[in-house]
Amino acid sequence: MPIPPHVQARRAALSQIAKETKAVLPGILQQLPHLQAAQSEVYHLNDLPELEPSACPRFELASSSSSSSSSSSSPPPPQSAPSNSTNGRRGGGGQQQRTYGTVVKVLNEDSLDAAIMMAESLAQQPATPATITAATTTAATGEGAADAEDGRNRRVAVLNLASERTPGGGWLSGAVAQEEALCYRSSLSLSLHRAYYPLAPRSAVYTRDVVVVRSSMGSGHRLLLQTPLTPQLLPVVSVVSVAAVRKPEVEEVVAAAGDGGGRGQRPRGERMFRHAADRDLTRDKMRLALRAAAAEGHELLVLGALGCGAFGGPPDDVARCWLDVLEEPEFAGGWFREIWFAVLDKDRHPGGNFDVFERVLGGREVGKVVVKE
């Protein structure tokens, strides 16, 4: 089937964006010598042990000390790390009771825009050592990853929904998917080395220093340095690149008559992996992403609809896999302060990826552990 003219024009325009990004990066990075944009490492699931509970930073949930919840549709700021204050609820016998876990939100946003929003919302909180460090390490002036006094890494980590075959997917030829969007806008492509490919099914590439140099596609892919902005103020994130299962067989599960579904229930027509092996592999990929982020000390994550775009994965099953993995004992007790799922659906199709992820994951508190102290 011939490619429509408007698609050809879009690909040609994006291919030019890719060439321009490659051309401007060396000059920008030369002014940021403390960042190593070409450095990365490969993590293998078999080499990453399960997270050690004693190393968990234990982020306390807001619901631990207040039963009120925000009704605002905009994402509130990430929560602060647990302190030594006595603001928790009192359990029986006057014991202090605290609840630790991770807040999950779902945003209809580009992944890098979500990461920038997350970092900015943290910086707007009252000044504390945590917020000051986060604001610093999210800009290019930051020394980088684990430079806080407590050894934590407050730079936002973004999940790259990667190609297992080609570094950056089809970004040089004008393809449109999440990985390509990351490469058009940032230095990510410099760290996706050809020697890593094809990526093994249970492998991930971790890039500590990724500099964002463009606005999103929806904002015209404007070079940020065209505004009064010096390279030292460009946003910086870290990226974990994981490839989803490509083109799995999918089936539609029809619920019993009268079961319209609901929160925590399967709605009619839910799309599922046909083969359990694909579901198991998907969960392993999710565990890999979370372990790699935790191993690097990250507290703030932007994840996504792994494999639910061009790879043809079933969004209902993938969203539920994320929920299942996040509720596993390994990730309980507050390993991450907040996790945002960036699921961009410009037209907001009913039953589309954003709606599915919002229904399954939106507003949840996962990995909750109640401790009496």
*Taking the residues in the range 118-140 that are part of a loop (DSSP other than H, G, I, E, B) and touching a strand residue (DSSP E or B) at 6+ places or on another chain (Cβ under 9 Å) as candidates, determine which candidate is modelled with the highest pLDDT.*
Ala140
_Being part of a strand (DSSP E or B) and surrounded by fewer than 22 Cβ atoms within 10 Å (Cβ to Cβ) is the filter here; which residues of the range 104-117 pass it?_
Lys105
*How many residues does the range 197-231 hold that are in contact with a strand residue (DSSP E or B) (Cβ under 7 Å, 6 or more places away or on another chain) and not small (Gly, Ala, Ser)?*
16
*Qualifying residue in the range 289-298 (condition: surrounded by fewer than 19 Cβ atoms within 10 Å (Cβ to Cβ) and more than 24 Å from Ser238 (Cβ to Cβ))*: no
*From the residues in the range 31-58 that are touching a Pro at 6+ places or on another chain (Cβ under 9 Å) and either among the β-branched types (Val, Ile, Thr) or farther than 30 Å from Asp284 by Cβ (or both), which one is surrounded by the fewest Cβ atoms within 10 Å (Cβ to Cβ)?*
Gln31
*Out of the residues in the range 331-370 that are out of contact with any Ser or Thr (no Cβ under 8 Å at 6 or more places or on another chain) and in a strand (DSSP E or B), state the one that is surrounded by the most Cβ atoms within 10 Å (Cβ to Cβ).*
Phe341
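Do we have Thr99 as closer than 30 Å to Val371 by Cα, at pLDDT 95 or above and surrounded by fewer than 22 Cβ atoms within 10 Å (Cβ to Cβ) here?
yes
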_Scan of the range 232-273 for residues that are surrounded by 14 or more Cβ atoms within 10 Å (Cβ to Cβ), at pLDDT 95 or above and either part of a helix (DSSP H, G or I) or more than 21 Å from the chain's Cα centre (by Cα) (or both), ordered by number_ = Pro248, Val250, Met272, Phe273
_Members of the range 32-72 found to be polar (S, T, N, Q), part of a loop (DSSP other than H, G, I, E, B) and modelled with pLDDT of 95 or more, listed by number_ = Gln36, Gln39, Ser40
*Please list, ordered by first then second residue, the pairs with beta carbon atoms under 6 Å, 6 or more apart or interchain, first in the range 32-56 and in contact (Cβ under 8 Å) with a residue 60 or more places away in the chain, second surrounded by 11 or more Cβ atoms within 10 Å (Cβ to Cβ) and of a type in the set (Lys, Arg).*
Leu45/Arg202; Leu48/Arg291
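The values are calculated or read from the model by the stated rules, or taken from the named source; none is laboratory data. Here the structure is a predicted model, which is why all the values come from computation and not from measurement. With ideal geometry, Cβ positions are generated from the backbone for all residues, glycine too; neighbour counts draw on all protein chains shown.
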